[in-house]
Structures are given as C-alpha cells and as structure tokens.
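Peer 1: What follows is a single structure, and I will ask about it in a moment.
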Amino acid sequence: MGAGQQDKESLKKYIRIALVTFVTFCCCTLFFFVIYRYHGFAVYWQKLMKILQPIIIGFIVAYLINPVMVFIEKHLMLFFEPRMKSKKKAKKVARSIGTAGALLFLLLIIFLLLDMMIPELIKSVQNMMVSLPAEVNSFSAWINETLAEDSQLADMLGSSLVKVTNVLENFLQDHLLPQVNTYIASITSGVISAVKVLFNFIIGLIIAVYVLMSKESFIGQGKKLVYTIFPAKFGNHIVKMVRISNEMFGGFINGKILDSAIIGVICYIGLVIMRMPYSLLVAVIVGVTNVIPFFGPYVGAVPSVILIALADPIKGLYFLIFILVLQQIDGNIIGPKILGNSTGLSSFWVVFAILVGGGLFGFMGMLLGVPTFAVIYYLIREVTAWILRKRKLPENTVDYIRMQDVDPSTGKLRYEQKE
C-alpha cells in the first residue's frame, strides 16, 4: 500500500471519528437541554412540530398507502414492461399511476367514512330533537303524578328546585355571561386551527406524492449517511434494525387496519340483523376505535352502548352482549390470524406500551406505542443476547428463573438446591 493510499485511509478514519464525536456531542447537548430546560424545550418543540406538521403528515400518509402503491405498480409492470422499450420508463409510468391510484384510494376511504358518519350524526340529532319533547313531557307527567300522591315529597322537591334555580342563576351571572367573549374567541380559534390542519393535510398529500415517487432515493440517501458516519459493521446493525422496525411497524399497522375494517363490517351486519338504531354510526365507531390495541374495543363500546340505550335500553343491553362476543372472536380468532405475533410482546408489555404512549403522546401514542416499544424491546433483547454470548452465558430466560448466582470460577449458572 502506497503512502497516498495510507493518507486517504487515515483521512477517512479521522473524518469518521470527527463525525461520531460531533453527533455524540450534539446528542449530549440535546439531552442536557431537555433535562435542565424542559419548559423552554417544550415550547420550541411544539413550534417545530407545527412547522414540520405537513412533512410529518406527508411521510405518514406515504407510509400507510405505500402497500397499495406497491400492489398497483407490481401489476402494472406486468402490462407496461413488455410494451415499452425501456424498463426504467415502464417503472416510472407504473409508479406514477400506482401513486395516483393509492392516493385516490385513501381519499375514497375518507370520503366514504365522512359520507357514512355525517348523515348518521345529522339523523341522530334530528331524531333526538323529535323524541326529546315527548320524553320530557312523559317525565313531567310522571313527576306531577308522583307529587300529587305525596305532598311531603312535593314540598321537599319544591325547595330543592328553588336552590337549583338560584345556583343556575348565579352561574349564568357570575361565570357564563362574563366568559361569552372568551368562548367566542375559543370557537374562532378552533375553526382557524381546523382550517390550518386541513391545509397541512393537503400539503401533506402533495409531499406524500414526492416521497412515494422517490422513495428508493430517500432510502439510498439514508443508507449512504449511515455508512458515512459509522463503521461498516455498526452500519450493518443500524440498517438491519431499521429494516426490522419497518417490518414490525408495517405488519402491525396494516394488519390492525385490516382487522378493524373486518370488525367494523361484521359489527354493521350484526347490528342490521338485530335491527339496532344508528347501525352505521356505531359500526364506524367500533371499527375506528378498534385500531387502538387492547383498550380500543372498550373505548368504542362505551359511547355506542350509551347511544343505543338512549333510544332503546333493552337493545343497549343486547348490543353490549353482542360487542363482548365480537371482541372475544376478534381477540382469539380474527386478530391472531391477521396479526400473528407481529410484535413479540407479552400482554403486560402491550398494556405498558399503550399506557406510556397514550400518557405522553395521546391518541397517536396509544396507536404507535406498541410497535415502537416492540422495536425498543427487540433492540434490548439483541444487545442482551450479544453480551451474554460474549460471556458464554445462556440466552434463554427460563434458565435464569431458578438460578441462584453465577460461579465466578467457571462462569456457569448455579441453581437453587431443592430441599
């Protein structure tokens, strides 16, 4: 090896060390800033998230509709490749049509959901407005009849009504009326925020198109950056980790969406057969909330039971029994069939991930907490296994359940002696 070649290798080595040092310094500085300047960091973080919201939406949308795009592109390539001179041109045309088709598929789903929910909501409100006066009159008649039979109860109720009236008057005068301007400002702010979210979503769809059209380029740039900063061996581990994370996230999210869609359809068919009120609205609520692991079925069942019980208490009870049976079928048959063991987590860690994710990041944390924790769990498991292999210790957890300690001289596990 010549002197020039040695100088190049030394330069690469020093550049790599400098980059790793710089990244480590940045991470340490960021960690210190987060710990000791949390409130200031939170303000800047929220501001940054607002700025990046369209880009984040774009990448999320691209990730979700990528399987649809791949499916369309794969089948179009069979048609275009034999009919075009260049495979590159055929792929470009297939990619363009596949991206457009995937985007239209997403918009169609959103339109169908809104088309199903909005008319049902309007119909539900109208039915409640029609039935409410009759219910109030019936309740008033029952009250009057009861009070006519019991004068002592009438006097007690009369004094209670006077107290309640005074409380309501004080609330209106002291709290509600002075805060009218604040409420109007809050409503206006909410409308403006909704418009901003809609605008960011539209920009996000445009970004999603660019991401899907150039996804191989983005992946290539990411790999190049990894191997620029880290040695080949460590870079291989990072690439492998990202690939496994993608498989976990993709398998879990796509499987959960498919599972929820099936549950929503089965729920709708069951409600129609049982002649339940608000069948479509309830089925959509059950299907959408079922996306949340573990707690989702209960989150969707509670408002649905209340909604049906307001129209017919007996049918509300029937629905409760039906939804419990449906969730058992989903948890024991449909879910395992679709998702399998995609995360590799026990029930305890699933609940842990949902609670922590939901507490920190709300709904998105509940949805993505399980696959995120699954990736962290996998990483810890791989690092633990690697360390144990180096120390020539067993990797199986079962071997450590009844162990007492490790023999320093032999490096082997010593177990409790049975009496």
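Peer 1: Just to be sure, is G335 buried (at least 18 other Cβ atoms within 10 Å of the Cβ), closer than 23 Å to I380 by Cα and small (G, A, S)?
Peer 2: Spelling it out, it is not the case that G335 is buried (at least 18 other Cβ atoms within 10 Å of the Cβ), closer than 23 Å to I380 by Cα and small (G, A, S).
Peer 1: When you look at F363, is it within 30 Å of V288 (Cα to Cα) and either surrounded by 14 or more Cβ atoms within 10 Å (Cβ to Cβ) or touching a residue at least 12 places away in the same chain (Cβ under 8 Å) (or both), yes or no?
Peer 2: yes
Peer 1: Under 7 Å by Cβ, and 6 or more places apart or on different chains, what pairs join a residue from region 253-274 that is in a helix (DSSP H, G or I) with one that is surrounded by fewer than 16 Cβ atoms within 10 Å (Cβ to Cβ) and at pLDDT 85 or above?
Peer 2: Going by the 7 Å Cβ cut-off, the qualifying pairs are N254/P67.
Residue-wise test of (1) at pLDDT 70 or above; (2) touching a Phe, Trp or Tyr at 6+ places or on another chain (Cβ under 7 Å); (3) exposed (fewer than 12 other Cβ atoms within 10 Å of the Cβ); (4) in a helix (DSSP H, G or I).
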position: K91; (1), (2), (3), (4): yes, no, no, yes
position: F105; (1), (2), (3), (4): yes, no, no, yes
position: E145; (1), (2), (3), (4): yes, no, yes, yes
position: Q152; (1), (2), (3), (4): no, no, yes, yes
position: K163; (1), (2), (3), (4): yes, no, yes, yes
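Peer 1: Something else about it: Taking helices (runs of 4 or more DSSP H) that fall entirely within region 292-365, which contain at least 3 residues that are over 29 Å from L121 (Cα atoms) and under 22 Å from the mean Cα position of the chain (by Cα)?
Peer 2: Where helices (runs of 4 or more DSSP H) fall fully within region 292-365 and carry at least 3 residues being over 29 Å from L121 (Cα atoms) and under 22 Å from the mean Cα position of the chain (by Cα), they are 335-339.
Yes or no, residue by residue, for (1) exposed (fewer than 12 other Cβ atoms within 10 Å of the Cβ); (2) touching a Ser or Thr at 6+ places or on another chain (Cβ under 8 Å); (3) without any contact (Cβ under 8 Å) to a residue 24 or more places away in the chain:
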residue: V325; (1), (2), (3): yes, no, yes
residue: D330; (1), (2), (3): no, no, no
residue: S346; (1), (2), (3): yes, no, yes
residue: V356; (1), (2), (3): no, no, yes
residue: V375; (1), (2), (3): no, yes, no
residue: L388; (1), (2), (3): no, no, yes
residue: R391; (1), (2), (3): yes, no, yes
residue: N396; (1), (2), (3): yes, no, yes
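Peer 1: Criterion first (more than 16 Å from L258 (Cα to Cα) and crowded, with 17+ Cβ neighbours inside 10 Å) does A301 satisfy it?
Peer 2: yes
Peer 1: Of these, V191, V209, which one is out of contact with any Ser or Thr (no Cβ under 7 Å at 6 or more places or on another chain) and either among the polar types (S, T, N, Q) or farther than 27 Å from I376 by Cβ (or both)?
Peer 2: V191
Peer 1: Sticking with this one: Does at least one position in region 236-247 carry a residue that is farther than 20 Å from T24 by Cα and either touching a Ser or Thr at 6+ places or on another chain (Cβ under 6 Å) or buried (at least 18 other Cβ atoms within 10 Å of the Cβ) (or both)?
Peer 2: Within region 236-247 (the criterion being farther than 20 Å from T24 by Cα and either touching a Ser or Thr at 6+ places or on another chain (Cβ under 6 Å) or buried (at least 18 other Cβ atoms within 10 Å of the Cβ) (or both)), the answer is no, since none of the residues qualifies.
Peer 1: OK, next. Suppose the filter is surrounded by 11 or more Cβ atoms within 10 Å (Cβ to Cβ), closer than 30 Å to I207 by Cα and at pLDDT 70 or above; does L121 pass it?
Peer 2: no
The values are calculated or read from the model by the stated rules, or taken from the named source; none is laboratory data. Source: prediction; values computed, not measured. Positions of Cβ are backbone-derived with ideal geometry, glycine not excepted, and every protein chain shown enters the neighbour counts.
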